[in-house]
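Visitor: Just dropping this structure here.
Derivation of every value follows stated rules applied to the coordinates shown; laboratory data play no part. Model, not experiment: these values are computed from the prediction. Here the Cβ positions follow ideal geometry from the backbone for every residue, glycine too, while neighbour counts run over all protein chains shown.
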Amino acid sequence: MSRIPVTSDLALDEREIELSFVRSSGPGGQNVNKVATAVQLRFDVERSPSLPEPVRARLRRLAGRRLTGDGVLVIDARRFRTQERNREDALDRLVALVRRATEKPKPRKPTRPSAAARRRRVEEKKQRGATKRTRRPPRRED
């Protein structure tokens, strides 16, 4: 059983990753219509025993459109001309995405503007209003 390290305490089982090779568009010369060099990596986020629940939830959010309706992450790699380099690229991108999902987001601390900042804001608004008032045409007295 081969494991792909993500962080010091998290690794993905290679058997959870499904790779398929398809024909690629783009560079490749005469081989482009003959050789299936593009890689489609599929990783079942929902059923993976390797992922703790908080990481799974963050990964779902990070994956966005790459996640299918039944929770399978699909990564297409077709940057390179060889299957091997595209395979490495797909695996690297999967590991990078899972690594980002392992990072806990820093909780936001609600802040409030200081009294001085509120006063400055009101003064600036008054100044702006005064400037605009001077630009108005004079009112006609009937």
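Visitor: If you line up the long axis of helix 83-102 against the longest principal axis of the chain, both from Cα atoms, how many degrees apart are they, to the nearest 10?
Guide: That helix lies at roughly 50 degrees to the long axis.
Visitor: Quick one: angle between helix 115-135 and the longest Cα principal axis of the chain, in degrees between 0 and 90, rounded to 10, please.
Guide: Helix 115-135 sits at roughly 60 degrees to that axis.
Visitor: Something else about it: Looking at the chain from every direction and averaging, what is the projected area of its Cα convex hull in nm²?
Guide: 19.4 nm²
Visitor: Now for a separate question. Which whole-number percent gives the relative contact order of the chain, counting Cα pairs below 8 Å spaced six or more residues apart?
Guide: Relative contact order for the chain comes out at 20 percent.
Visitor: Turning to a different aspect of this structure: Give the residue list of GluC sites (Glu not before Pro) in the range 62-110 that are DSSP loop and have at most 13 other beta-carbon atoms within 10 angstrom.
Guide: Answer by residue number: Glu103.
Visitor: Placing +1 on the Cβ of each Lys and Arg and -1 on the Cβ of each Asp and Glu in the chain, which of Val6, Ala116, Leu97 has its Cα farthest towards the positive end of the resulting dipole?
Guide: Of the options given, the answer is Ala116.
Visitor: Search the structure for amide H atoms under 5 Å from the amide H of Thr68, placed 1.01 Å from N in the peptide plane, and list their residues when 5 or more places away or on another chain.
Guide: Those lying under 5 Å, H to H, from Thr68 are Leu73, Val74.
Visitor: Tell me, what is the FRET efficiency for Asp70 and Glu18 to the nearest 0.05, using R0 = 22 angstrom and their Cβ-Cβ distance as r?
Guide: 0.95
Visitor: Once you have the Cα-Cα distance between Ser2 and Arg139, take 0.36 nm times their residue separation minus that, and quote the gain in nm to one decimal.
Guide: Additional length available on full extension: 41.0 nm.
Visitor: Assuming 0.36 nm per residue, please report the length gained on full extension of the stretch Arg85 to Ala11 beyond their Cα-Cα distance. Write down the numbers at each step before the final one.
Guide: On the way: separation 74, 0.36 × 74 = 26.64 nm, distance 2.13 nm.
The Arg85-Ala11 span can extend by a further 24.5 nm.
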